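Read the structure below first, then the notes.
The values are calculated or read from the model by the stated rules, or taken from the named source; none is laboratory data. Owing to the predicted nature of the structure, the values given are computational and were not obtained by experimental measurement. Note: ideal-geometry Cβ built from the backbone for every residue, glycine included; neighbour counts use all protein chains shown. In case anyone asks, the SASA skips ligands and DNA or RNA and just uses the protein heavy atoms, side chains included. Shrake-Rupley method; radii C 1.70, N 1.55, O 1.52, S 1.80 Å.
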Amino acid sequence: MALNTSELPDEGIQSSVSLDKHAGSNFEVRAGGWSPLSSDRYQWLEVDLGGRTRITAVATQGRYGSSDWQTAYLLMFSDAGHNWKQYRQEGSIGAFAGNSNADSVVQHKLQHQVIARYVRLIPLNWNPNGRIGLRLETYGCPYNSDVLSFNGQSSLIYRLTPRPRQMSSESISLKFKTLKNSGILLHAEGQNGHSLTLELEKGKLQLLIRKGTNLSRYLVTLGSLLDDQHWHHVAVEHHSNHLKLTVDKSTEWVLGTNLYSDMIIFYTHFSLFIYFPVSSSLFHLSQGNVTFSCSEPVFVAMTFTGPQSFLRLPRIDQSSLGISVGLQFRTWNKAGLLLTFELPNREGRVWLYLSKARAHLQIHKSGRAPLELNAGSALNDGQWHSVDLISGGGRLTITVDDDEGASAHASPSFLITTGGHIFFGGCPAEENSQECLNPFKAFQGCMRLLTVDNRPVDLIKVQQRLIGNYSHLQIDMCGIIDRCSPSHCEHGGSCSQSWSTFHCNCSGTGYSGATCHSSIYEQSCEAYKHKGNISGYYYIDVDSSGPIKPQLLYCNMTDLTRVQPSPEVNTHVVHFEYASDEEQLAAIISLSEHCEQEIAYHCRKSRLLTSPEGSPLSWWVGGPGVGQMHTHWGGAPPGSQQCACSLQNNCVDSRYHCNCDADSNEWTNDSGLLTHKETLPVRSLVLGDIQRPGSESTYKVGPLRCHGDKNVWNAAFFDKETSYLHFPTLHGELSADISFLFKTTSSSGVFLENLGIKDFIRIELNSSNEVLFSFDVGNGPLEVSVKAGSPLNDNRWHRIQAERNVKEASLRLDELPAVTQEAPADGHIHLQLNSQLFIEVSASFKSETSVTYAFKEQMVNELNRSSSSTENVSLSFRTSQSPALLLYVSSYHREYFAVLLNKLEVRYRLDSSKDAEILRSKVKNLADRQLHVITISRLADVVSMQVTHVQTKIITILTVHFIKHHSLCACPFSIDSEGLDPDLAQIASLGFTGCLSAVLFNSISPLKAALLHPKTSPVTVTGPLIQSICGFTSANLSHATETTHHLSGKRSGSVGTGQPLVNAIRSDSALIGGTVAATCFNVALPLSSIMRQKLCTKPTGIM
């Protein structure tokens, strides 16, 4: 439901200051809207919804009939009208996109719903030719629940109804908020002394399980900064022998835990409030002061956001022979100015600041030696700390956290006071300001409970500029966030942070990079051999950036990779153990081209496999996991119950399939290699004919030997200019690394590309000596390039390693140093792709060429059901022609969509009775013979267009949807041009000369259909359609047939004409000109247990 702000009483809408009292509007054409007297970032509009509300979306308009609108804003929520909390998308992004005119409505659905009573909007940017102007709508529904209030010495007991049998699933859920950072939140007791406790420790929630009377352990810690006096959701779910703990949006599973609870105690050693989803009449016993209401103290905090932040307060009591100043602060930074002031008559200065996470006091007075004191430690832990400076009676004291043990004292011979101003956090930016000097770093963090001369400072009056002055402060909120919760450091890397970023310490993990994502070891002995290493012990990381730990193995560069077993011998049953753990062992076997293990049996009067009755006498167990029983011997196929001599027809007795089965009095043997990887390694051996008189036997099981790397020499040769490979969508939302070998004779081209609606990732040979890695996760395209000192199109092998994570992107070429590019601070972090990963399809056009794709009736119906109000269009092109028509889509009703190259235009006509809407990009010239990518998406009346390196977002007022699709035409359109706009028809008549690739309209790929399936697809081609690659210049284009190869089948054997030659090395090349070897995509997903996707190919000829 929509909460119409225009229907709220006047007192329900407040603002910093306004020209027009009425800010609400249901977006009808009417006068109104809020516009403050001054347009700056300290203005805000606040709405009281009258009660706690589950808020799901917000929408904004500009002020009616004006040039006043905001283009970006922050959204804040509160329960009590104080202590605001900023809504953040993806955990860190705070800004919302606003309006582009005064009339259109821009709605944002919240990624996670918010429960609050008050909503505050703070404009960040606005129309430069106007001022801030706003009409606001919120969407949601009332939220009701019982509330409990604890004072720190109270508890409440709830007894569960006895149940006849144990439940397979149980759960406890609640919401809480508190100002205290430590205390017991919930305690549950069960049978046999079992208990469960949820305890808050330094703002983090710990789950404690106790089994019996003595054994207890913390199983998991989750959440952070939970003492912020905002509501947090907690749930404990018990499924069989597993526990699931959820705190807000984070979840952890605890395995192997049984808990039989018969009562729950809300037992608190600290003050908090709880919303619990049951009636208050169900609680059976309370102790201390428990109330069913929520009355909380108001602590007004302020956030120092950056180097320009400061607060200046006047000294009220100037007659005092001394001074006292106190405050509480929380920060992640080790250094920063807390406060400073001048001594009387400008005879000196006082600084109280943080350095190395300790509180330091430094006093400089003319003609005197500097006075320095320090106290406290580890004050950058994100917790609230208090610091007090007291001077009087010839004594000077600084105290940290009200602890006498964290105090420092001095007895200066001069008076320490001030008759001027006290500055907190930093100094004004004016260069001529001599009243405030800061030789230290500015403070970034939160402060509250400021006192001057034992009088509290009213920060609300400061916000209203009734007291003092400030800049770049966020008042009545603490904007601290924990960038290490959850941690983005992988593979056990430790996370530390400052106010604006985080750092991963990868020491001792075997991984490197900004998030400890990339392994510092090779994946196989073959990879070390390819680098020129000699035989020896090496750490092997079989899954690269995946979860399997590196292991130390011996690499024989002339022979095999060896894993030594450690046998434990019994009389007739032998078990084998391996130094590698199970996961590593399975990965080695899977990765290797060939594995083998020798097995031998020497016998005299001791049969091996077959008894006279035909049943097996001996067998061995092998394979993954616990293994399976096998009755064949070395050199024979699985399931045959034979030995090698039977296949070679040289057994000592032709009646038997093994030498030992002849039961001879002479020594003989059956030996051979087990080579079927699915049966390896050998895990145990059972010898059954060793008890008869005269029986003698010996056995040998050799080490598991594996060699070769399916990734390194698994190659595909691109022998046509339009050959390509495609894989499933790359799922690397938070981190992904891509590595491959290539060789080529071409000077440019795209190695790989994966597209989303707006996001993309691409690696290309930008020139003969430059590799370019580019992607967009919603912050605009980010590029990393590496230039080589010599040409890369030298038909020699070159290695590319690219990595993207939430902190940075890196690109490495061969042995050159890696080049990195930091990601934007507090930007989007999730890479969202939806197309296949192409490695690529394109074609060159001449002026008389066109491709028309006719939508079938069934397809039209499906498109209209699924996307009648949406289109997602993308294409790549290279041309020197302008103007030109790149893409045209029309319906039976003369509605159309067109993409023109005339400074790049997108035209929509969704109502045949109206003129087309024209969306123009700010890009000046795209007809520059360079490769460009256009991505266009429409959702209802909002159109977003992204062009290579420039992103323009244009919002229209259209309300009619694209009802029926008729045809999709790659320029020029080949249908009757009657009824078209004259200038559009004229541009279309010019044709298009250049290259088009990766053309996609929703789920339709017309160019691919024309090139790959011209006879079976509903396409019409006129004129010469030359298959090509847009990575080439026109001089490189040649007539060829496009080919494709799916990696869903076998990777070896013969292939058809035009397909990449797999597992074949070729010296000539086309497409991007050479061979790409070992193309590996290793992806770490944001799950509690890391999942990964690995796709590996190794082409011969290009990629």
Residue that is surrounded by the most Cβ atoms within 10 Å (Cβ to Cβ), among those in the stretch 404-459 that are under 21 Å from Asn374 (Cβ atoms) and touching a Ser or Thr at 6+ places or on another chain (Cβ under 6 Å)
Gly425
Residues of the stretch 102-118 satisfying the condition of being closer than 22 Å to Arg131 by Cα and in contact with a Gly (Cβ under 6 Å, 6 or more places away or on another chain):
Ala102
Any pair with Cβ under 7 angstrom, 6 or more apart, that starts in the stretch 338-361 at a residue that is of a type in the set (Ser, Thr, Tyr) and ends at one that is open to solvent by less than 10 Å² (accessible area, probe 1.4 Å)
Thr340/Val350; Thr340/Phe423; Thr340/Cys436; Tyr353/Gly336; Tyr353/Leu337; Tyr353/Leu338
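Here's the yes/no breakdown for (1) in the same structural domain as Gln89 (by the TED database); (2) among the acidic types (Asp, Glu); (3) touching a Phe, Trp or Tyr at 6+ places or on another chain (Cβ under 9 Å):
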| residue | (1), (2), (3) |
| --- | --- |
| Ala736 | no, no, yes |
| Gly749 | no, no, yes |
| Lys758 | no, no, no |
| Leu772 | no, no, no |
| Asn779 | no, no, no |
| Glu783 | no, yes, yes |
Does Phe310 satisfy the criteria of being under 21 Å from Leu449 (Cα atoms) and not assigned by the TED database to the domain that holds Leu466?
yes
Taking the criterion of being in contact with a His (Cβ under 7 Å, 6 or more places away or on another chain) and either open to solvent by 40 Å² or more (accessible area, probe 1.4 Å) or β-branched (Val, Ile, Thr) (or both), would at least one residue in the stretch 654-665 satisfy it?
no
Take the residues in the stretch 571-608 that are under 42 Å from the mean Cα position of the chain (by Cα) and among the charged types (D, E, K, R), then tell me which one is surrounded by the fewest Cβ atoms within 10 Å (Cβ to Cβ).
Glu577
I'm told Ser271 meets every condition in (1) touching a Phe, Trp or Tyr at 6+ places or on another chain (Cβ under 9 Å); (2) modelled with pLDDT of 55 or more except one. Can you identify the failing condition by its number?
(2)
Unmet criterion (only one of (1) assigned to a strand (DSSP E or B); (2) modelled with pLDDT under 90; (3) open to solvent by 10 Å² or more (accessible area, probe 1.4 Å); (4) of a type outside the set (Lys, Arg)) for Leu156
(3)
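Looking at the stretch 34-141, what strands (runs of 3 or more DSSP E) fall wholly within it and have at least 3 residues that are aliphatic (A, V, I, L, M)?
45-61, 70-78, 106-126
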Here are some residues: Ser78, Ser35. Which one is small (Gly, Ala, Ser) and either outside the structural domain of Leu124 (by the TED database) or within 28 Å of Ile829 (Cα to Cα) (or both)?
Ser78
All positions within the stretch 327-358 that are within 34 Å of the chain's Cα centre (by Cα), open to solvent by 10 Å² or more (accessible area, probe 1.4 Å) and hydroxyl-bearing (Ser, Thr, Tyr):
Ser355
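Going by the conditions given, is Ser566 in contact with a helix residue (DSSP H, G or I) (Cβ under 9 Å, 6 or more places away or on another chain) and either at pLDDT below 90 or surrounded by fewer than 20 Cβ atoms within 10 Å (Cβ to Cβ) (or both)?
Numbers: in contact with a helix residue (DSSP H, G or I) (Cβ under 9 Å, 6 or more places away or on another chain): no; either at pLDDT below 90 or surrounded by fewer than 20 Cβ atoms within 10 Å (Cβ to Cβ) (or both): yes.
In short, no.
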Name the single residue, out of those in the stretch 732-762 being among the β-branched types (Val, Ile, Thr) and surrounded by fewer than 21 Cβ atoms within 10 Å (Cβ to Cβ), that is modelled with the highest pLDDT.
Thr745
With respect to Gly1023, determine if the residue is at pLDDT below 65, assigned by the TED database to the domain that holds Leu887 and more than 21 Å from Ala927 (Cα to Cα).
no
Going through (1) modelled with pLDDT under 90; (2) surrounded by 22 or more Cβ atoms within 10 Å (Cβ to Cβ); (3) part of a loop (DSSP other than H, G, I, E, B) one by one, Gly639 fails only at (2)
Would you be able to tell me the number of residues in the stretch 494-551 that are part of a loop (DSSP other than H, G, I, E, B) and of a type outside the set (S, T, N, Q)?
21
Options Arg63, Arg30; residue that is more than 19 Å from Ile460 (Cβ to Cβ), at pLDDT 90 or above and of a type in the set (D, E, K, R)
Arg63
Can you tell me which residue among Gln107, Gln70, Gln86, Gln111 is crowded, with 17+ Cβ neighbours inside 10 Å, more than 22 Å from Ala301 (Cβ to Cβ), outside the structural domain of Pro824 (by the TED database) and of a type outside the set (A, V, I, L, M, F, W, C)?
Gln70
